[in-house]
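The values are calculated or read from the model by the stated rules, or taken from the named source; none is laboratory data. As the structure is a prediction and not an experimental result, all values here were calculated from the model. Using ideal geometry, Cβ is built from the backbone for each residue, glycine included, and neighbour counts are taken over all protein chains shown. Surface accessibility is based on the protein's heavy atoms, side chains included, excluding ligands, DNA and RNA. Shrake-Rupley method; radii C 1.70, N 1.55, O 1.52, S 1.80 Å.
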Amino acid sequence: ALEEVRRLFPALEVLELIGRGGMGVVYKARQPQLDRLVALKLLPAGLAQQPGFTERFGREARSLARLHHPHIVSVFDFGQTRSGDIPVAAEAKDGDRNVAAPSLFYLIMEYVDGANLRQLIAAKQITPETALNIVPKVCEALQFAHDEGILHRDIKPENILIDKKGRVKIADFGLAKLTGAEAEDHSLTNTGMRMGTPRYMAPEQFENTKTVDHRADIYSLGVVLYEML
């Protein structure tokens with residue numbers, strides 16, 4: 001709930017929920033001390049139960065925070081919090097009881113005031129000229145990240161943002177690897193945890209996500225370009 005998120009992050013002015021997906025929920029917030037808008041992403045609560053996730057989260061989040069590029073959404077901060085004890089309706093006849101809430105991992109990121117590519121495609125605002133203007137910028141960002149040893153693994157229209165000035169930004173860089181998440185797709189049978197979104201994944205990504213390289217991101221971008229055109 002919005003009020004619970006505000007209680008968890010007193011240093012932020014949490015304004016509204018702006019997105020929900022397989023890798024968490026995103027809120028629009030403001031940092032009063034810096035007078036800037038940010039995006040607060042809360043990762044799925046169940047991740048805290050995975051063995052070794054806390055260490056992996058810190059390691060991967062630090063890598064993401066080092067990705068400074070004009071076409072990549074910046075990570076400003078990250079961490080872990082707890083929502084404390086929350087009342088849960090118990091089946092026991094003596095009423096409610098308190099249980100410990102799971103840890104919540106979060107990222108504070110650059111806020112992009114605009115729309116994602118999925119929304120622009122749906123609104124039929126993508127011309128061939130627009131598509132061919134967007135793709136080189138995504139290529140530049142991917143090349144930069146790949147040179148730093150970081151793969152995206154989940155390139156799709158939802159993760160490509162266009163702000164109101166027409167600037168292109170890739171969001172959720174590396175989160176597929178970080179969370180081990182696969183976007184929900186009821187047309188496929190889940191035979192194990194994959195990283196990515198099935199309709200945009202390279203064939204080798206289905207076989208073994210951990211062994212894919214930068215070519216998997218290029219494949220996904222090709223699917224996005226085809227979809228735009």
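Which percent of the accessible area of the range 1-46 is formed by carbon and sulfur heavy atoms (probe 1.4 angstrom)? Of the solvent-accessible surface of the range 1-46, carbon and sulfur hold 53 percent.
Placing R0 at 25 angstrom, the Cβ-Cβ distance between residue 129 and residue 37 gives a FRET efficiency of 0.25 after rounding to 0.05.
Cross-link check: pairs 137/169; 28/156; 41/165; 41/169; 124/164; 137/164 evaluated at a Cα-Cα cut-off of 18 Å; pairs beyond the cut-off: 28/156; 41/165.
Tell me the net charge near residue 118. Cut-off is 11 Å between Cβ atoms, residue 118 excluded, with +1 for each Lys or Arg and -1 for each Asp or Glu. Here the charged neighbours net out to -1. Across every pair of non-identical alpha carbons in the range 122-178, the mean reciprocal distance, once inverted, gives a Kirkwood radius of 12.2 Å.
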